[in-house]
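Colleague: Following this message is one structure expressed as C-alpha coordinates.
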Amino acid sequence: MESILEEIFQGIIEGDEPTTVKKVQAAIEEGLDPNAILNQGMVAAMEEIGKLFEAGDFFVPEMLVASRAMQAGMAKLKPLLVESDFKAAGKVVAGTVQGDLHDIGIHLVCMMLEGAAFEIINLGSDVGPKEFVETVRETGADIVAMSALLTTTMPNMKLTIDALTEAGLRDSVKVMVGGAPLTDKYAREIGADGYAPDASRTVALAKSLVA
Ligand code: B1M
(Lines give C-alpha, C1' and ligand atoms only; values in the text may rest on other atoms or scores of the structure.)
Protein backbone atom coordinates (compact mmCIF):
# COMPACT_ATOMS: atom_id res chain seq x y z
CA MET A 1 0.00 0.00 0.00
CA GLU A 2 1.22 3.55 -0.78
CA SER A 3 2.56 5.10 2.41
CA ILE A 4 0.11 7.99 2.25
CA LEU A 5 -2.79 5.51 2.16
CA GLU A 6 -1.28 3.84 5.23
CA GLU A 7 -1.19 7.22 6.95
CA ILE A 8 -4.88 7.80 6.13
CA PHE A 9 -5.65 4.28 7.39
CA GLN A 10 -3.73 4.98 10.62
CA GLY A 11 -5.30 8.44 11.04
CA ILE A 12 -8.77 6.89 11.01
CA ILE A 13 -7.81 4.03 13.34
CA GLU A 14 -6.47 6.61 15.81
CA GLY A 15 -9.53 8.83 15.36
CA ASP A 16 -7.18 11.64 14.38
CA GLU A 17 -9.43 13.90 12.30
CA PRO A 18 -6.88 16.67 11.45
CA THR A 19 -4.28 14.15 10.25
CA THR A 20 -6.85 12.19 8.25
CA VAL A 21 -8.08 15.34 6.49
CA LYS A 22 -4.52 16.55 5.85
CA LYS A 23 -3.43 13.21 4.41
CA VAL A 24 -6.53 12.84 2.23
CA GLN A 25 -5.83 16.33 0.85
CA ALA A 26 -2.19 15.39 0.24
CA ALA A 27 -3.21 12.17 -1.51
CA ILE A 28 -5.58 14.13 -3.76
CA GLU A 29 -2.82 16.62 -4.57
CA GLU A 30 -0.44 13.75 -5.40
CA GLY A 31 -3.01 12.60 -7.95
CA LEU A 32 -3.92 9.29 -6.32
CA ASP A 33 -7.08 7.59 -7.57
CA PRO A 34 -9.98 8.78 -5.33
CA ASN A 35 -11.37 5.23 -5.28
CA ALA A 36 -8.05 3.91 -3.95
CA ILE A 37 -8.01 6.62 -1.27
CA LEU A 38 -11.54 5.66 -0.30
CA ASN A 39 -11.29 1.88 -0.42
CA GLN A 40 -7.67 1.13 0.52
CA GLY A 41 -7.24 3.97 2.99
CA MET A 42 -10.63 4.72 4.52
CA VAL A 43 -13.02 1.78 4.11
CA ALA A 44 -10.18 -0.63 4.99
CA ALA A 45 -9.67 1.28 8.25
CA MET A 46 -13.34 0.94 9.18
CA GLU A 47 -13.11 -2.82 8.52
CA GLU A 48 -10.09 -3.02 10.81
CA ILE A 49 -11.97 -1.06 13.49
CA GLY A 50 -14.82 -3.60 13.27
CA LYS A 51 -12.30 -6.39 13.89
CA LEU A 52 -10.75 -4.55 16.85
CA PHE A 53 -14.23 -3.97 18.31
CA GLU A 54 -15.13 -7.65 17.93
CA ALA A 55 -11.86 -8.63 19.61
CA GLY A 56 -12.65 -6.33 22.55
CA ASP A 57 -9.65 -4.09 21.83
CA PHE A 58 -11.83 -1.13 20.75
CA PHE A 59 -15.00 0.22 22.34
CA VAL A 60 -17.82 2.50 21.16
CA PRO A 61 -15.94 5.80 21.82
CA GLU A 62 -13.05 4.65 19.61
CA MET A 63 -15.49 3.63 16.87
CA LEU A 64 -17.16 7.02 17.15
CA VAL A 65 -14.01 9.13 16.83
CA ALA A 66 -12.83 6.92 13.97
CA SER A 67 -16.11 7.44 12.16
CA ARG A 68 -15.80 11.22 12.61
CA ALA A 69 -12.33 11.13 11.08
CA MET A 70 -13.69 9.00 8.23
CA GLN A 71 -16.59 11.42 7.57
CA ALA A 72 -14.21 14.42 7.58
CA GLY A 73 -11.96 12.68 5.06
CA MET A 74 -14.98 11.74 2.94
CA ALA A 75 -16.02 15.40 2.78
CA LYS A 76 -12.68 16.17 1.08
CA LEU A 77 -13.15 13.34 -1.40
CA LYS A 78 -16.76 14.10 -2.22
CA PRO A 79 -16.11 16.67 -4.99
CA LEU A 80 -13.94 14.12 -6.79
CA LEU A 81 -16.40 11.28 -6.44
CA VAL A 82 -19.33 13.44 -7.47
CA GLU A 83 -18.43 14.87 -10.83
CA SER A 84 -21.64 15.09 -12.70
CA ASP A 85 -24.06 17.66 -13.92
CA PHE A 86 -26.25 15.52 -16.13
CA LYS A 87 -30.03 15.55 -16.07
CA ALA A 88 -31.23 13.56 -13.03
CA ALA A 89 -31.29 9.84 -13.77
CA GLY A 90 -33.97 9.38 -11.10
CA LYS A 91 -34.91 10.50 -7.61
CA VAL A 92 -33.73 8.46 -4.62
CA VAL A 93 -34.89 8.73 -1.01
CA ALA A 94 -32.16 7.22 1.15
CA GLY A 95 -31.61 6.48 4.81
CA THR A 96 -30.51 4.05 7.48
CA VAL A 97 -33.51 2.38 9.08
CA GLN A 98 -35.06 3.05 12.46
CA GLY A 99 -32.93 2.26 15.50
CA ASP A 100 -29.71 2.26 13.49
CA LEU A 101 -27.20 5.10 13.82
CA HIS A 102 -24.63 3.86 11.30
CA ASP A 103 -24.63 6.42 8.52
CA ILE A 104 -21.21 6.25 6.85
CA GLY A 105 -22.26 3.56 4.35
CA ILE A 106 -25.45 5.33 3.29
CA HIS A 107 -23.58 8.63 2.87
CA LEU A 108 -21.14 6.84 0.60
CA VAL A 109 -23.97 5.24 -1.36
CA CYS A 110 -25.59 8.68 -1.76
CA MET A 111 -22.32 10.22 -2.96
CA MET A 112 -21.88 7.54 -5.62
CA LEU A 113 -25.49 7.85 -6.77
CA GLU A 114 -25.11 11.62 -6.94
CA GLY A 115 -22.03 11.09 -9.09
CA ALA A 116 -24.15 8.96 -11.41
CA ALA A 117 -26.61 11.86 -11.81
CA PHE A 118 -29.32 10.67 -9.42
CA GLU A 119 -31.12 13.30 -7.35
CA ILE A 120 -30.70 12.36 -3.70
CA ILE A 121 -32.85 13.02 -0.66
CA ASN A 122 -30.64 11.70 2.13
CA LEU A 123 -32.63 11.34 5.36
CA GLY A 124 -29.57 10.20 7.33
CA SER A 125 -29.85 7.61 10.08
CA ASP A 126 -32.59 6.28 12.38
CA VAL A 127 -35.30 6.84 9.77
CA GLY A 128 -38.70 5.38 10.63
CA PRO A 129 -41.19 3.88 8.13
CA LYS A 130 -43.45 6.95 8.44
CA GLU A 131 -40.66 9.34 7.43
CA PHE A 132 -39.75 7.18 4.42
CA VAL A 133 -43.41 7.02 3.36
CA GLU A 134 -44.02 10.75 3.77
CA THR A 135 -40.86 11.68 1.87
CA VAL A 136 -41.69 9.32 -1.00
CA ARG A 137 -45.17 10.81 -1.18
CA GLU A 138 -43.92 14.42 -1.09
CA THR A 139 -41.08 13.99 -3.57
CA GLY A 140 -42.51 11.40 -5.99
CA ALA A 141 -39.27 9.44 -5.63
CA ASP A 142 -38.43 6.63 -8.04
CA ILE A 143 -36.36 4.62 -5.56
CA VAL A 144 -36.06 4.08 -1.81
CA ALA A 145 -32.56 3.05 -0.68
CA MET A 146 -32.38 1.59 2.82
CA SER A 147 -29.33 0.67 4.84
CA ALA A 148 -28.97 -1.45 8.00
CA LEU A 149 -25.75 -2.33 9.80
CA LEU A 150 -27.24 -4.20 12.74
CA THR A 151 -28.92 -7.59 12.62
CA THR A 152 -31.45 -6.16 15.09
CA THR A 153 -32.51 -3.33 12.75
CA MET A 154 -32.75 -5.38 9.53
CA PRO A 155 -36.45 -6.22 10.20
CA ASN A 156 -37.21 -2.49 10.09
CA MET A 157 -36.61 -2.65 6.33
CA LYS A 158 -39.56 -5.01 6.01
CA LEU A 159 -41.67 -2.71 8.20
CA THR A 160 -40.84 0.18 5.87
CA ILE A 161 -41.77 -1.87 2.78
CA ASP A 162 -45.05 -2.83 4.49
CA ALA A 163 -45.71 0.84 5.30
CA LEU A 164 -45.13 1.79 1.64
CA THR A 165 -47.62 -0.92 0.62
CA GLU A 166 -50.20 0.26 3.17
CA ALA A 167 -49.81 3.84 1.90
CA GLY A 168 -50.53 2.64 -1.66
CA LEU A 169 -47.05 3.68 -2.83
CA ARG A 170 -45.34 0.34 -3.32
CA ASP A 171 -46.22 0.02 -7.01
CA SER A 172 -44.81 3.44 -7.86
CA VAL A 173 -41.45 3.16 -6.09
CA LYS A 174 -38.60 0.64 -6.31
CA VAL A 175 -36.93 -0.49 -3.09
CA MET A 176 -33.24 -1.36 -2.84
CA VAL A 177 -31.42 -2.41 0.30
CA GLY A 178 -27.86 -2.85 1.53
CA GLY A 179 -25.57 -2.87 4.54
CA ALA A 180 -22.99 -5.26 5.93
CA PRO A 181 -25.34 -7.92 7.42
CA LEU A 182 -27.67 -7.98 4.39
CA THR A 183 -27.81 -10.66 1.70
CA ASP A 184 -29.52 -10.96 -1.64
CA LYS A 185 -31.66 -13.75 -0.17
CA TYR A 186 -32.81 -11.56 2.72
CA ALA A 187 -33.64 -8.74 0.30
CA ARG A 188 -35.87 -11.08 -1.70
CA GLU A 189 -37.53 -12.46 1.44
CA ILE A 190 -38.61 -9.01 2.60
CA GLY A 191 -39.91 -8.07 -0.85
CA ALA A 192 -37.22 -5.56 -1.89
CA ASP A 193 -36.56 -5.07 -5.61
CA GLY A 194 -32.82 -5.35 -5.24
CA TYR A 195 -29.75 -5.69 -3.03
CA ALA A 196 -26.30 -4.16 -3.52
CA PRO A 197 -23.24 -5.18 -1.48
CA ASP A 198 -21.39 -1.90 -1.94
CA ALA A 199 -21.77 1.67 -3.12
CA SER A 200 -20.55 1.20 -6.68
CA ARG A 201 -22.81 -1.79 -7.29
CA THR A 202 -25.69 0.30 -5.91
CA VAL A 203 -25.24 2.62 -8.88
CA ALA A 204 -25.60 -0.26 -11.36
CA LEU A 205 -28.63 -1.54 -9.44
CA ALA A 206 -30.31 1.88 -9.32
CA LYS A 207 -29.79 2.32 -13.07
CA SER A 208 -31.34 -1.08 -13.75
CA LEU A 209 -34.32 -0.30 -11.51
CA VAL A 210 -35.19 2.94 -13.33
CA ALA A 211 -34.41 1.58 -16.81
CO1 B1M B 1 -21.25 -0.13 15.16
N2 B1M B 1 -21.45 -2.04 14.84
N3 B1M B 1 -22.41 -0.27 16.75
N4 B1M B 1 -20.87 1.75 15.44
N5 B1M B 1 -19.95 -0.31 13.83
C6 B1M B 1 -20.86 -2.57 13.61
C7 B1M B 1 -21.87 -2.52 12.46
C8 B1M B 1 -20.49 -4.05 14.04
C9 B1M B 1 -20.47 -5.06 12.85
C10 B1M B 1 -19.14 -4.05 14.80
C11 B1M B 1 -18.69 -5.44 15.19
O12 B1M B 1 -19.20 -6.01 16.13
N13 B1M B 1 -17.75 -6.01 14.43
C14 B1M B 1 -21.61 -4.37 15.08
C15 B1M B 1 -22.91 -4.97 14.53
C16 B1M B 1 -23.10 -6.43 14.90
C17 B1M B 1 -24.36 -6.97 14.31
O18 B1M B 1 -25.44 -6.47 14.45
N19 B1M B 1 -24.19 -8.08 13.61
C20 B1M B 1 -21.85 -2.99 15.68
C21 B1M B 1 -22.44 -2.75 16.94
C22 B1M B 1 -22.71 -3.99 17.79
C23 B1M B 1 -22.76 -1.45 17.41
C24 B1M B 1 -23.45 -1.07 18.73
C25 B1M B 1 -24.65 -1.96 19.13
C26 B1M B 1 -22.35 -1.04 19.82
C27 B1M B 1 -22.82 -0.78 21.23
O28 B1M B 1 -23.37 0.25 21.52
N29 B1M B 1 -22.60 -1.76 22.06
C30 B1M B 1 -23.90 0.41 18.46
C31 B1M B 1 -25.30 0.49 17.84
C32 B1M B 1 -25.79 1.92 17.74
C33 B1M B 1 -27.04 2.02 16.86
O34 B1M B 1 -26.93 2.07 15.66
N35 B1M B 1 -28.20 2.01 17.49
C36 B1M B 1 -22.87 0.81 17.45
C37 B1M B 1 -22.44 2.12 17.29
C38 B1M B 1 -21.49 2.53 16.38
C39 B1M B 1 -20.95 3.98 16.32
C40 B1M B 1 -22.04 5.03 16.56
C41 B1M B 1 -19.90 4.11 17.40
C42 B1M B 1 -20.27 3.99 14.90
C43 B1M B 1 -21.18 4.52 13.77
C44 B1M B 1 -20.94 6.00 13.47
C45 B1M B 1 -21.62 6.43 12.21
O46 B1M B 1 -21.95 5.65 11.30
N47 B1M B 1 -21.85 7.71 12.16
C48 B1M B 1 -20.05 2.50 14.64
C49 B1M B 1 -19.16 1.99 13.65
C50 B1M B 1 -18.24 2.99 13.01
C51 B1M B 1 -19.13 0.61 13.28
C52 B1M B 1 -18.17 -0.11 12.29
C53 B1M B 1 -16.81 -0.23 12.98
C54 B1M B 1 -17.96 0.52 10.93
C55 B1M B 1 -19.24 0.78 10.11
C56 B1M B 1 -18.86 1.57 8.89
O57 B1M B 1 -19.05 2.76 8.87
N58 B1M B 1 -18.26 0.90 7.87
C59 B1M B 1 -18.91 -1.51 12.11
C60 B1M B 1 -17.97 -2.67 11.81
C61 B1M B 1 -17.92 -2.98 10.32
O62 B1M B 1 -18.82 -2.71 9.56
N63 B1M B 1 -16.87 -3.65 9.92
C64 B1M B 1 -19.83 -1.55 13.28
C65 B1M B 1 -17.76 1.57 6.67
C66 B1M B 1 -18.91 1.71 5.65
C67 B1M B 1 -18.37 2.39 4.40
O68 B1M B 1 -19.34 0.41 5.33
O69 B1M B 1 -21.64 0.76 6.36
O70 B1M B 1 -20.93 -1.54 5.52
P71 B1M B 1 -20.88 -0.06 5.40
O72 B1M B 1 -21.45 0.34 3.96
C73 B1M B 1 -21.02 -0.27 2.76
C74 B1M B 1 -21.87 -1.48 2.34
O75 B1M B 1 -22.42 -2.20 3.42
C76 B1M B 1 -22.88 -0.91 1.40
O77 B1M B 1 -22.17 0.15 0.77
C78 B1M B 1 -21.28 0.78 1.68
C79 B1M B 1 -20.04 1.21 0.94
O80 B1M B 1 -19.49 0.21 0.14
N81 B1M B 1 -24.13 -0.35 1.90
C82 B1M B 1 -25.22 -0.24 1.09
C83 B1M B 1 -24.45 0.19 3.10
N84 B1M B 1 -25.70 0.63 3.10
C85 B1M B 1 -26.20 0.40 1.88
C86 B1M B 1 -27.47 0.69 1.34
C87 B1M B 1 -27.70 0.32 0.02
C88 B1M B 1 -26.73 -0.33 -0.75
C89 B1M B 1 -25.46 -0.60 -0.22
O90 B1M B 1 -28.93 0.60 -0.45
C91 B1M B 1 -29.30 0.16 -1.67
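Colleague: GNM on the chain, C-alpha springs below 10 Å: top fluctuator among Glu30, Glu14, Glu134?
Modeller: Largest GNM mean-square fluctuation: Glu30.
Colleague: Cα axis of helix 17-29 to longest principal axis of the chain: angle in degrees, 0 to 90, nearest 10?
Modeller: 90
Colleague: So, for the stretch 71-162, what is the accessible surface per residue at a probe of 1.4 Å, expressed in square angstrom?
Modeller: The answer is 43 Å² per residue.
Colleague: For the chain, what is the mean residue ellipticity at 222 nm derived from helices alone (per DSSP H run of n ≥ 4: -39500 (n - 2.57); sum divided by total residues; nearest 500 deg cm²/dmol)?
Modeller: Counting only the DSSP helices, I get -16500 deg cm²/dmol.
Colleague: Which log10 I(q)/I(0) values does the stretch 29-144 give at q = 0.15 Å⁻¹ under the Debye formula, counting every alpha carbon as one identical point scatterer?
Modeller: For the requested q values the scattering log ratios are -0.78.
Colleague: I'd like the chymotrypsin sites (Phe, Trp or Tyr not before Pro) in the stretch 38-121 restricted to DSSP loop residues with at most 10 other Cβ atoms within 10 Å, sorted by number.
Modeller: Phe59, Phe86
Colleague: What are the principal axis extents of the Cα atoms in the stretch 2-83, in Å, biggest first?
Modeller: 38, 21, 20
Colleague: Expected output is a single nm value to one decimal: the length gained when fully extending between Ser172 and Ala117, i.e. 0.36 nm times separation in residues minus the C-alpha distance. What is it?
Modeller: So the extension gain works out to 17.8 nm.
Colleague: Out of the total accessible area of the stretch 56-211 (probe 1.4 Å, heavy atoms of protein only), what percent is carbon and sulfur?
Modeller: Within the stretch 56-211, the accessible surface is 55 percent carbon and sulfur.
Colleague: Could you tell me how far the Cα centroid of the stretch 49-100 sits from the Cα centroid of the stretch 121-164, in Å?
Modeller: First find each Cα centre; the distance between them is then 18 Å.
Colleague: Express the C-alpha Rg of the stretch 104-211 as a ratio against the empirical globular expectation 2.2 N^0.38 Å, rounded to two decimals.
Modeller: Cα-based Rg divided by the globular estimate yields 0.95.
Colleague: Name the residue, out of Val92, Val127, Val65, whose mean-square fluctuation peaks in a Gaussian network model built on the chain with Cα pairs under 10 Å.
Modeller: So, out of Val92, Val127, Val65, the one fluctuating most is Val65.
Colleague: Another question, if that's okay. Identify which of Gly95, Gly168, Gly105 has the largest mean-square fluctuation in a Gaussian network model of the chain, with springs joining Cα atoms closer than 10 Å.
Modeller: In this elastic network of the chain, the residue with the biggest mean-square fluctuation among Gly95, Gly168, Gly105 is Gly168.
Colleague: Still on this model: Determine the principal axes of the Cα atoms in the chain, then give the extent along each, sorted from largest to smallest and rounded to whole angstroms.
Modeller: 52, 42, 26
Colleague: Relative to the longest principal axis of the chain, what angle (0 to 90°, nearest 10) does the C-alpha long axis of helix 104-115 take?
Modeller: 80
The values are calculated or read from the model by the stated rules, or taken from the named source; none is laboratory data. As the structure is a computational prediction, the values presented were derived from the model and not from experiment. In this analysis, Cβ positions are derived from the backbone assuming ideal geometry, glycine residues included, and neighbour counts consider all displayed protein chains. Remember, those area values only see protein heavy atoms, side chains included, never the ligands or the DNA or RNA. Shrake-Rupley method; radii C 1.70, N 1.55, O 1.52, S 1.80 Å.
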